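J.: What follows is a single structure, and I will ask about it in a moment.
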Amino acid sequence: MNIHSLSVKELNNKLNKKEISCKEIVESFLSRIEKVEPKVKAFLYTNGDRARKKAEEVDKKISSGAKLKPLEGIPIAIKDNMCTEGMPTTCASKILSDFKPPYSADVINRIEATGMIIIGKTNMDEFAMGSSTENSAYGATRNPWDPERAPGGSSGGSAAAVAADEAPLALGSDTGGSIRQPASFCGVVGLKPTYGRVSRYGLIAFASSLDQIGPITREVYDSALLFQAIAGHDPKDSTSAGLSVPEITDFLKKDIKGLRLGIPREYFNPEMDSEVKNKISEAIKKLTDLGAVVKEISLPHTEYAVSVYYIIATAEASANLARYDGVRYGSRANKAENLFQMYSLTRGEGFGTEVKRRIMLGTYALSAGYYDAYYLKAQKVRTLIKNDFDEAFKACDAIITPTAPTPAFKLGEKSTNPLEMYLSDIFTISVNLAGIPGISIPCGFSKGNLPIGLQILGRPFDEGTILQIAYNFEQATGYHLRKTNI
Ligand code: GLN
């Protein structure tokens, strides 16, 4: 029996029945990491000693006769843009290479309060800017389904770690698709909650009006559990919603008979990748077989989403990244002869090409004379995109689309053409602009055995319904059971 291949439910069962110890679970994942990391490179840091210590505490609890809750003692991998007290938090950037935060993010406190065990920090595109994890200052992560290919990004390390059984659970962050697109490329489940549902306190900011943390897991059930553990109001984040979170696993007990699913015309066009198109059509057929009612809808402002996103996200990034000046934050360049030179050398040496490109784009969009033409205009179109969804949700309970236009692309295939890379986010970006929740689940494989993802979008704060649809689909198809050969 490979402990690292067991589902979270099985791990919890076996722990409670004392068939395995938490120490064995942690050791199994640590040795799995050691074995496959040379090929996958999903982790920037592993937390072995501390994880072993936590496991001992859990084992003591079991031997005292206590029953463990579903996620207690389960290892979890954390994207390296979430602050973990006393552990490195680099954002995959050289500028934060020595940063050890003095406090933990709200999600980390909740993870620890639930009893999960942090097994390590995962690779990502620097400051979460990218769709392939190739923008990491520490080298690219590889897709466990085909190491020549990208795992997607920017949460590529988290998605690859889960797909390769290096961790049963992970956290990612999603500003324009960074949980859902890597989940799609790696054949796992990625949930982006509603904006405001999960605290951003301690998440290193990229674009503050878009960023959300969410679960990356092997199964929908685990996604629901992990979502429940991290969601809820946090007074330390001014954009955190003051709403209570319903019992999410209750949604998984319901079927989907009579649910109305919208299929947006604008997401399907004749030039679409034929394998993606076929798998999405099959998935829609399956959902109809399960009793859902499908109707065509229109989201007319979809075509502006990529342009609007790359103005708003870069504008916010240029402001957020101003703090890395070698004084307040970040490693400092030591050859400078005066203050100005210190700033420019620090930032010149510390940031990678894509981050610099975004800072320049964003600064331009915000500068006097261009602000109205770009930033303000983009904000107005953002409202139109949000209105499209509000209108659509009057007639349907959820929306079905592909997650990404293609299965995983090759490493290097798009990294020299930023525009082409930006276009790979075409189906995920408007969701962040509108602030609504979305999930990506596996819906089949290409002829080359690469996973394809189905995206399900919901009304604000209705994560329950999209998890319900995802769970019914997953249980009826079983694509989540296929494993990589890594
Ligand atoms: N790929 C998008 C970008 O490069 C989205 C990134 C994200 O969601 N963090 O900005």
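J.: May I ask you to list the residues in region 406-422 that are within 19 Å of the chain's Cα centre (by Cα) and either buried (at least 19 other Cβ atoms within 10 Å of the Cβ) or within 10 Å of the ligand (Cβ to nearest atom) (or both)?
T.: Selection gives PRO407, ALA408, PHE409, MET421, TYR422.
J.: Looking only at region 170-229, count how many residues are more than 30 Å from GLU148 (Cα to Cα) and in contact with a Lys or Arg (Cβ under 8 Å, 6 or more places away or on another chain).
T.: Result for region 170-229: 5.
J.: How many residues, within region 309-333, are surrounded by fewer than 17 Cβ atoms within 10 Å (Cβ to Cβ) and either within 13 Å of the ligand (Cβ to nearest atom) or part of a helix (DSSP H, G or I) (or both)?
T.: 3
J.: Given ALA137, ALA161, ALA207, ALA113, which one is within 16 Å of the ligand (Cβ to nearest atom) and under 27 Å from GLY48 (Cα atoms)?
T.: That would be ALA137, the only listed residue that is within 16 Å of the ligand (Cβ to nearest atom) and under 27 Å from GLY48 (Cα atoms).
J.: If you don't mind, there's one more thing I want to ask. If you check ARG482 against the conditions, is it buried (at least 18 other Cβ atoms within 10 Å of the Cβ), at pLDDT 95 or above and among the basic types (Lys, Arg)?
T.: It is false that ARG482 is buried (at least 18 other Cβ atoms within 10 Å of the Cβ), at pLDDT 95 or above and among the basic types (Lys, Arg).
J.: Here's another thing I want to ask about it. Restricting the first residue to region 41-57 and requiring it to be at pLDDT 95 or above, which pairs with a second residue that is part of a helix (DSSP H, G or I) and among the basic types (Lys, Arg) meet a Cβ separation below 8 Å and a spacing of at least six or different chains?
T.: ARG52/LYS23; ALA55/LYS23; GLU56/LYS23
J.: Now, a different point. What single numbered condition from (1) under 20 Å from THR133 (Cα atoms); (2) touching a helix residue (DSSP H, G or I) at 6+ places or on another chain (Cβ under 6 Å); (3) hydroxyl-bearing (Ser, Thr, Tyr) fails to hold for SER97?
T.: The single condition SER97 does not satisfy is (2).
J.: Another question about this same structure. Which numbered condition trips up VAL245, out of (1) in contact with a strand residue (DSSP E or B) (Cβ under 6 Å, 6 or more places away or on another chain); (2) farther than 18 Å from ARG197 by Cβ; (3) crowded, with 16+ Cβ neighbours inside 10 Å?
T.: All conditions pass for VAL245, except number (2).
J.: Residues to consider are PHE227, PHE206; find the one that is surrounded by 23 or more Cβ atoms within 10 Å (Cβ to Cβ), assigned to a loop (DSSP other than H, G, I, E, B), touching a residue at least 60 places away in the same chain (Cβ under 8 Å) and not hydroxyl-bearing (Ser, Thr, Tyr).
T.: So the residue among PHE227, PHE206 that is surrounded by 23 or more Cβ atoms within 10 Å (Cβ to Cβ), assigned to a loop (DSSP other than H, G, I, E, B), touching a residue at least 60 places away in the same chain (Cβ under 8 Å) and not hydroxyl-bearing (Ser, Thr, Tyr) is PHE206.
J.: Quick check on this structure: which one of LEU454, LEU361, LEU411 is hydrophobic (A, V, I, L, M, F, W, C) and over 26 Å from LYS279 (Cα atoms)?
T.: Within the list LEU454, LEU361, LEU411, the selection yields LEU361.
J.: Check ALA128 against each of (1) within 16 Å of the ligand (Cβ to nearest atom); (2) aliphatic (A, V, I, L, M); (3) surrounded by fewer than 24 Cβ atoms within 10 Å (Cβ to Cβ) and name the one condition it does not meet.
T.: (3)
Residues are listed down the side, and each one gets a yes or a no for (1) buried (at least 19 other Cβ atoms within 10 Å of the Cβ); (2) of a type in the set (Asp, Glu):
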site: SER31; (1), (2): no, no
site: GLU37; (1), (2): no, yes
site: ASN47; (1), (2): yes, no
site: ARG50; (1), (2): no, no
site: GLU57; (1), (2): no, yes
site: GLY73; (1), (2): yes, no
site: ILE76; (1), (2): yes, no
site: ASN81; (1), (2): yes, no
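J.: For region 73-108, give me the residue count where each residue is assigned to a loop (DSSP other than H, G, I, E, B) and in contact (Cβ under 8 Å) with a residue 40 or more places away in the chain.
T.: 19
J.: Need pairs with beta-carbon distance below 8 Å; first residue within 19 Å of ASN269 (Cβ to Cβ) and β-branched (Val, Ile, Thr) and within region 421-448, second more than 15 Å from the ligand (Cβ to nearest atom) and in a strand (DSSP E or B); sequence gap 6+ or separate chains.
T.: VAL431/LEU457
J.: Against the condition more than 16 Å from the ligand (Cβ to nearest atom), under 23 Å from ASP98 (Cβ atoms) and crowded, with 19+ Cβ neighbours inside 10 Å, how does GLY348 come out, does it pass?
T.: Criteria not met by GLY348.
J.: On to the next question. Collect the residues in region 292-308 that are crowded, with 20+ Cβ neighbours inside 10 Å, over 14 Å from LEU366 (Cα atoms) and within 16 Å of the ligand (Cβ to nearest atom), keeping them in residue-number order.
T.: ALA305
J.: Restricting to region 232-266, count the residues that are touching a residue at least 40 places away in the same chain (Cβ under 8 Å), under 21 Å from VAL220 (Cα atoms) and of a type in the set (D, E, K, R).
T.: Total satisfying the criteria: 4.
J.: Kindly indicate whether PRO193 is touching a strand residue (DSSP E or B) at 6+ places or on another chain (Cβ under 8 Å) and either within 19 Å of LYS35 (Cα to Cα) or away from the ligand (no atom under 13 Å from the Cβ) (or both).
T.: Yes: the conditions hold for PRO193.
J.: Of all residues in region 180-189, which are within 11 Å of the ligand (Cβ to nearest atom) and out of contact with any Leu (no Cβ under 9 Å at 6 or more places or on another chain)?
T.: GLN181, PRO182
J.: Would you pick out the residues in region 146-157 that are within 12 Å of the ligand (Cβ to nearest atom) and within 21 Å of SER5 (Cα to Cα)?
T.: GLY156 - this is the single residue of region 146-157 that is within 12 Å of the ligand (Cβ to nearest atom) and within 21 Å of SER5 (Cα to Cα).
J.: So, one more: Of all residues in region 164-174, which are among the aliphatic types (A, V, I, L, M), touching a strand residue (DSSP E or B) at 6+ places or on another chain (Cβ under 9 Å) and either within 16 Å of the ligand (Cβ to nearest atom) or within 10 Å of VAL40 (Cα to Cα) (or both)?
T.: Matches in region 164-174: ALA170, LEU171.
J.: For region 287-297, give me the residue count where each residue is under 12 Å from ILE400 (Cα atoms) and in contact with a helix residue (DSSP H, G or I) (Cβ under 9 Å, 6 or more places away or on another chain).
T.: So the count comes out to 6.
The values are calculated or read from the model by the stated rules, or taken from the named source; none is laboratory data. Since the structure is predicted, the reported quantities are computational estimates derived from the model, not experimental observations. A quick note on method: Cβ atoms are made from the backbone with ideal geometry, for glycine too, and the neighbour counts reach across all protein chains shown.
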